[in-house]
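To start, the structure under review is shown below, and the notes come after it.
We did not get these values from a lab; they are worked out from the coordinates using the rules stated. Just so it is clear, the model here is predicted, and its values are computed rather than measured. Every residue, glycine among them, receives a Cβ derived from its backbone with ideal geometry; neighbour counts consider all protein chains shown.
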Amino acid sequence: MQDTVSFGYEDVAPDEKTARVGGVFSSVASKYDIMNDVMSGGMHRLWKDRFVKCVKPQPGEAILDMAGGTGDIAFRMVKRGAEVTVADINQDMLDVGIERAMERGIDGLSWSCQNAEELSYPRSTYDAYTIVFGIRNVTQIDKALVEAHRVLKYGGRFYCMEFSTTDWAGFKEVYDLYSHNVMPRMGQMIAGDEESYRYLAESIRRFPKPPVFEQMIRDAGFANTRVETILGGAVNIHSGWKI
Ligand code: SAM
């Protein structure tokens, strides 16, 4: 295990990162969904629709939505007839998701508190594994990728959507200003929590660039890896197959 890992711009001990990430999501859980709409101007809904279109969930398929939080991805996949398990390390996020599912009359989801680094599921359980805006918060990313590979069936597919920085001239400057200044302030104004939103912005900067992350996915055993970029690489959909 590494001696230190990134928590936003800080380098901290692995256990400290896990605890502090837990604190961030427990703090933002109740406002998480509204903040996603506000922070992205509703665009996260389009990115999530596009992501699920890539996954192409089929009726009866067993899908693990890892770091599934309040259920946005799972809700979209269960509507297509898949059997979805929402797993997340944070029970506060799952509790918000369970309540949202009840309010919307969405049945058939399983909810499970799990650390992506050490899953309780047997080998070769799932047809697909999805993780959206979750992997950069995981302390030992390489371990989580190996676990993803282990729990997938042969022929199973891995899909991950994550933020990165963009190199688009003009947009890059706006994006930098927005994520470093506007996001934490909006976090303070709407959720009363500047620090958590500062972490969320900083953690994007510290996450490996798409080619490096793609190599990590390959190192975990996945084949036929691909990256689809959105907004000049500000959002990326990574995929790979267990063959
Ligand atoms: N996937 C959801 C979405 O797109 O709305 C939630 C994304 S939220 C930004 C990140 C989630 O990752 C949080 O719910 C957090 O608890 C979860 N997470 C962080 N570390 C994790 C870990 N080691 N194992 C499982 N979930 C983790």
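Pairs of Cα atoms nearer than 8 Å and 6+ residues apart set the relative contact order; for segment 5-241 it is 20 percent. Looking at segment 5-241 alone, DSSP beta bridges between its own residues are antiparallel in about 45 percent of cases.
Each DSSP beta bridge with both residues in segment 46-135 is either parallel or antiparallel, and the antiparallel ones are about 5%. Each stretch of four or more DSSP H residues adds -39500 (n - 2.57); spread over every residue of the chain, this sum gives -13500 deg cm²/dmol at 222 nm. Protection proxy ranking for 140-146, 69-75, using the average of other Cβ atoms within 10 Å per residue and placing the highest first: 69-75, 140-146.
For the chain, the gyration tensor built on C-alpha atoms gives a rounded shape. Its axis ratio a/c (a ≥ b ≥ c) stays under 1.5.
Could you tell me which of the pairs 48/79; 56/79; 79/209; 31/56 are separated by over 22 angstrom between their Cα atoms in the structure shown? The answer is 79/209; 31/56.
Residue ranges 157-164, 171-178 sort as 157-164, 171-178 when ordered by packing (mean number of other C-beta atoms within 10 Å per residue, highest first). Which shape class, rounded, prolate or oblate, goes with segment 108-183 when its Cα gyration tensor gives a ≥ b ≥ c as root eigenvalues, a/c under 1.5 marks rounded, and past that a/b bigger than b/c marks prolate? Because a/c hits 1.5 or more and a/b exceeds b/c, segment 108-183 counts as prolate.
Across every pair of non-identical alpha carbons in segment 166-243, the mean reciprocal distance, once inverted, gives a Kirkwood radius of 14.2 Å.
A simple count of charges around residue 21, restricted to other residues whose Cβ falls under 13 Å of its Cβ and scoring Lys, Arg +1 and Asp, Glu -1, yields -4.
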